[in-house]
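These notes concern the structure reproduced below.
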């Protein structure tokens, strides 16, 4: 099963998105929430993301969804650290809205989708209209 990592500047936001995604996918789906700093402030931490990627990996790769630009930088730093440490995990950063993308990715991963299918499901969420 493809693992999911949700990165937000807010710990509460990351955990809430994880909770919603788990409700839609199932509790067997590996979803790790990473948000905020150790002292409770708003921000992202490359080392936390690095650890989350490792914890989310079940051998089929990990898709990471982020909320804002600096979360991309922290995620990229975490991916670079994995490479430097010789840790081989197929990690993909989805270009998707964090909430809708996480739910879509989690469902696709839960039903056995490949990492490519999970990324595609997350990125397809960009097209969800909110108009009636």
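The values are calculated or read from the model by the stated rules, or taken from the named source; none is laboratory data. As the structure is a prediction and not an experimental result, all values here were calculated from the model. In this analysis, Cβ positions are derived from the backbone assuming ideal geometry, glycine residues included, and neighbour counts consider all displayed protein chains.
Residues that are farther than 27 Å from residue 112 by Cα, out of contact with any strand residue (DSSP E or B) (no Cβ under 9 Å at 6 or more places or on another chain) and modelled with pLDDT under 95: does segment 56-71 have at least one?
yes
Could you please tell me which pairs satisfy a Cβ distance under 7 Å, a separation of 6+ or placement on different chains, a first residue in segment 111-132 that is within 20 Å of residue 67 (Cβ to Cβ), and a second residue that is surrounded by fewer than 16 Cβ atoms within 10 Å (Cβ to Cβ)?
Final answer for the pair search is 123/95.
In this structure, is residue 122 surrounded by 18 or more Cβ atoms within 10 Å (Cβ to Cβ) and assigned to a loop (DSSP other than H, G, I, E, B)?
Criteria not met by residue 122.
Which of (1) within 17 Å of residue 90 (Cα to Cα); (2) part of a strand (DSSP E or B); (3) without any contact (Cβ under 8 Å) to a residue 60 or more places away in the chain is the odd one out, the single condition residue 76 does not satisfy?
Tallying (1) within 17 Å of residue 90 (Cα to Cα); (2) part of a strand (DSSP E or B); (3) without any contact (Cβ under 8 Å) to a residue 60 or more places away in the chain, residue 76 fails exactly one: (2).
Is segment 84-100 home to any residue that is touching a strand residue (DSSP E or B) at 6+ places or on another chain (Cβ under 7 Å), touching a residue at least 40 places away in the same chain (Cβ under 8 Å), in a helix (DSSP H, G or I) and closer than 15 Å to residue 58 by Cα?
No, segment 84-100 contains no residue that is touching a strand residue (DSSP E or B) at 6+ places or on another chain (Cβ under 7 Å), touching a residue at least 40 places away in the same chain (Cβ under 8 Å), in a helix (DSSP H, G or I) and closer than 15 Å to residue 58 by Cα.
Any idea how many residues of segment 7-34 are within 11 Å of the chain's Cα centre (by Cα) and either more than 17 Å from residue 97 (Cβ to Cβ) or not in a helix (DSSP H, G or I) (or both)?
7
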